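I have placed the structure first, in the form of structure tokens, so that the comments after it can refer back to it.
Every number here is computed from the coordinates shown, using simple stated rules; none is lab data. Predicted, not measured: the structure shown is a model, and the values here were computed from it. Neighbour counts are summed over all protein chains in view; Cβ atoms, including those assigned to glycine, are modelled from backbone coordinates with ideal geometry.
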Amino acid sequence: MIFVTGGAGFIGSNFVRHHAAHEKARMVNIDCLTYAGNLANLSGIDGERHELSRTDICDQSAIECLFEEHEPEAIVHFAAESHVDRSILGPDEFIRTNVLGTFSLLKAALGYWRGLAPERQKRFRFLHVSTDEVYGSLGPKDPPFSESTAYAPNSPYSASKAASDHLVRAYHHTYGLPTLTTNCSNNYGPYQFPEKLIPLMISNALNGKPLPVYGDGQNVRDWLYVEDHCRAVLKVLHNGTPGECYNVGGNNEKSNLDVVHAICDVLEELQPSPGKSYSSLITYVADRPGHDRRYAIDASRIGQELAWSPVETFETGLRKTVQWYMAHSDWLADVLSGAYRHAQASVNA
Ligand SMILES: NC(=O)c1ccc[n+]([C@@H]2O[C@H](COP(=O)([O-])OP(=O)(O)OC[C@H]3O[C@@H](n4cnc5c(N)ncnc54)[C@H](O)[C@@H]3O)[C@@H](O)[C@H]2O)c1
């Protein structure tokens, strides 16, 4: 039995699906279903293997009760506010969930772990899922981020994730809690909320809407297909060294503009545009304040120590992603209309 937090969101739900397909342990999915949590992301997952607990990670006593009731072997912590633009408009929720929520999970986990028998204490893991954005921004010729790159977060989102990473580190060093941290680059794939670059562009293009590109479109990100991230998280969970951090990336540096053109090309091939080309919908909009110029990840540690490498190239992963959104127009329509929130309302807190 393991806990997964934030398992109704994008990466968390992909992880729950991947875990259900490849592992034996049952999962309790702790998710309070914010706008980013969608029950449809969990459709078809075996109910014997997976149970949703609608719980806020900031509610320490509720989390303590869950630990007491289920006695998990591990906790894989995805729950967070995750969208940089939202963190600029309203940072409070990012501090609450990402910093205080992680802190309350750590406190509850430590209390539980201290009460375990020595053998179970040794096996327990607290895996914290974080981002490459904590390292700040790179110049065009800078080497990629390694695990020893100094933290330099620039947005309220990355600052809140950096703070949570530091708390996780401190709980290992001070109390001995067996923690692991992963810092991953930009993910894309099925079930991603269409406020993020790739699903937003696919959705807008399919609906004949403008494709808004920030600034000059030359901001560079390192893209990783979500299932490759899930495989990395499992590798770290099973074989990572407690107290360590692992960078995870796809070795796929692309400018935003190149990503949007690649999406348009795949769409032209799979569903040729009825009128003007998809790429003619590209529109440049005012840049995001403080927009980091470049992220790149050196993932050699997880490659060498845990034998992980991505299976998908950017081309194969992007094609799968475009195909998924085309085949799941109902999912997309429910998210865009807000209808998915009616289903959320029927789940008891
Ligand atoms: N998306 C990326 O490209 C990316 C890259 C690297 C790391 N990450 C990290 O991976 C994790 C998951 O990212 P995502 O893109 O899947 O996020 P997401 O926004 O799609 O999902 C977040 C989930 O957390 C839940 N949640 C939010 N606040 C909560 C709270 N207080 N209590 C319980 N549940 C809560 C939401 O309901 C949602 O289901 C985050 O920690 C993020 O920082 C994301």
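Side notes on the structure shown:
- Rough spin-label spacing in nm, given labels placed 7 Å along Cα→Cβ, for SER43 and ALA21: 1.7 nm
- Annotation: extensible slack from GLN323 through ALA170 equals 50.8 nm (criterion: 0.36 nm per residue apart, minus Cα-Cα distance).
- Taking each DSSP H run with n ≥ 4 as -39500 (n - 2.57) and averaging over every residue of the chain yields -12500 deg cm²/dmol at 222 nm.
- Whole-angstrom gap from region 153-195 to region 219-287, using each part's C-alpha centre: 19 Å
- The ARG114 and SER273 beta-carbon pair, evaluated with R₀ = 45 Å, returns a calculated FRET efficiency of approximately 0.15.
- Most mobile listed residue (HIS172, HIS77, HIS128) in the chain, GNM with C-alpha springs under 10 Å: HIS172
- For ASN251, residues with placed amide H under 5 Å, excluding near neighbours: ILE297
- Comparing GLY189, GLY208, GLY290 in a Gaussian network model of the chain (Cα springs below 10 Å), the most mobile by mean-square fluctuation is GLY290.
- Cα centre as origin, Lys/Arg/Asp/Glu Cβ charges: region 297-338 dipole, Debye: 60 debye
- Lysine pairs in the chain whose alpha-carbon atoms fall under 21 angstrom of each other, counting only those eight or more residues apart or on distinct chains, come to 12.
- The distance linking region 22-39 with region 291-341 is 18 Å (Cα centroid to Cα centroid, whole angstrom).
- Beta bridges by DSSP in the chain, antiparallel share as percent, to the nearest 5: 10 percent
- Magnitude of the charge dipole for the chain, about its Cα centre and with charges confined to Cβ atoms of Lys, Arg (+1) and Asp, Glu (-1), is about 220 debye.
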